[in-house]
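Here's the structure, in structure tokens; my notes come after.
The values are calculated or read from the model by the stated rules, or taken from the named source; none is laboratory data. Model, not experiment: these values are computed from the prediction. All Cβ positions, even for glycine, are placed from backbone atoms using ideal geometry, and neighbour counts span all protein chains on display. Surface areas here come from the heavy atoms of the whole protein model, side chains and all, with no ligands, DNA or RNA. Shrake-Rupley method; radii C 1.70, N 1.55, O 1.52, S 1.80 Å.
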Amino acid sequence: MAWRMGMRRIFLAAALALLPAWFSMSPATSQAAGAAEPVVASDARLAGDGERTRLVIDLSRSVPLGAFTLADPYRVVVDIPDVIFALPDSAGQEGRGLVAAYRFGLFAPGKARIVLDVTDPVTVDKAFVLEPMDDQPARLVIDLVKTDRATFLQAVAAPLRATEQPEMPQAEAAAAGDHRPVIVLDPGHGGIDPGAVNPKFSVTEKHLVLTIARQLERRLAQTGRYRVLLTRTKDTYISLGQRVRFARDNGARLFISLHADSLGSRDGDVRGATIYTLSDRASDAESQRLADAENKADMIAGLDLSEEPADVAGILFDLAQRETRNFSALFARSLAGSVSGVARMHKSPLKAAGFKVLKAPDVPSVLFELGYLSSAKDLELMTSAAWQASVTEAMVVAIEAYFAAQGPVEGTPVALPASVGRTSGDPLAATGP
Ligand SMILES: [Zn+2]
């Protein structure tokens, strides 16, 4: 907290030092200079009560904004250009009035988002950014007023929906003649969705899993045997449907989603790695809880869940899915075997549940929960370079064994009927404009 305050003071001093320069510039040059400077959000506060609540965020300069509402659960989404959030750690965690909590972060390249969970149906009465004045920074102001559900639902139908999908990750096409199998690594969460958090040590799942995915990417690249693609390479949000589609569009032969769990303060003794495959029925209550938590990512990021297609079903997929599941289970066992040599495993390390991100019908997929951020021992290990290196190595061993067992690598192990193409009619094409 102390350094944050210090940062803010330094930042203000820097901004004040720039003031004469701003005044002497023509509007055009000041805009150009402003565009190069990242906008910084330095503080945030809530005021008001259960009838009317105001959120104010201090910004280094004015930005355009868009605000809209989403139902079930009730949310208010504020979209702004890319902003560096230098807010206190506690920002957004405690609610007031109509706001239960809020989150903020990168939603898509160049686009930041603030998502407010609201306790009741609300109307966005005002949403604007005040220009900086005297010693006051620019301020983003959102005024929410309590309303009834019918009024709220009418507002939700506004045409802003079309703009709310994050950008799809783009992969470079394979070079001609490159028939190496594609492995898609999927660092969970990102941007506005931090995933599990250990507030005491300021460790977030989204950063941890990205670090490990990048290490694994480097090690797999060294073998020269695979094309390795990541669903995200930075701290940005990617929807669950997009992750699945990315793997399918790139003809992935294996999809590994990386995560870390947390039980909060409930049980600091539970620890160890777990490997999940897809199942309609969860192995146990704990697996169900985890799948529910992981599947909330799109809700957390302010996506409209009402437009999500129904789960993939139907006879055409059955055969391919069964084969895919067999391959997924095969790899999960290989991975558990390999990782158990170097890392502590959960007491039942192979489980299954209905994770949305594992639903590609033609890509063998596993979700690897590295451990628990809520366990002090797991946390220490997962953030250590030695543990990361040995677990990454164990994953490489499992991947090598998995592909070696399949013989020469050509084509895909699972063939879908021709009528189920990777086309725009794809029922899994959950998202995207
Ligand atoms: Zn996760």
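For this structure, a couple of remarks:
- Extended-chain gain in nm, criterion 0.36 nm per residue less alpha-carbon gap, D134 and D267: 42.9 nm
- Between D72 and Q288, the C-beta separation translates, for a Förster distance of 25 Å, into a calculated FRET efficiency of about 0.80.
- Averaged over its residues, the stretch 187-227 has an accessible area of 42 Å² per residue, based on protein heavy atoms and a 1.4 Å probe.
- Annotation: extensible slack from F201 through R52 equals 50.2 nm (criterion: 0.36 nm per residue apart, minus Cα-Cα distance).
- Highest mean first, the peptides 354-366, 263-275, 172-184 sorted by other C-beta atoms within 10 Å per residue fall in the order 354-366, 263-275, 172-184.
- A straight Cα-to-Cα reach below 16 Å connects K206 with the lysines K234, K296, residues fewer than 8 places away in its own chain not being considered.
- Surface analysis of the stretch 16-156 yields an accessible area of 48 Å² per residue, using protein heavy atoms and a 1.4 Å probe.
- Theoretical gain in end-to-end length, D178 to E400 [0.36 nm per residue, Cα-Cα removed]: 78.1 nm
- Straight-line cross-link partners of K347 among the aspartates and glutamates, defined as a Cα under 20 Å from its Cα and at least 8 positions apart when in the same chain: D261, D267, D269, D284, E286, E369, D378, E380.
- Share of carbon and sulfur in the accessible heavy-atom surface of the stretch 53-168 [1.4 Å probe, %]: 53
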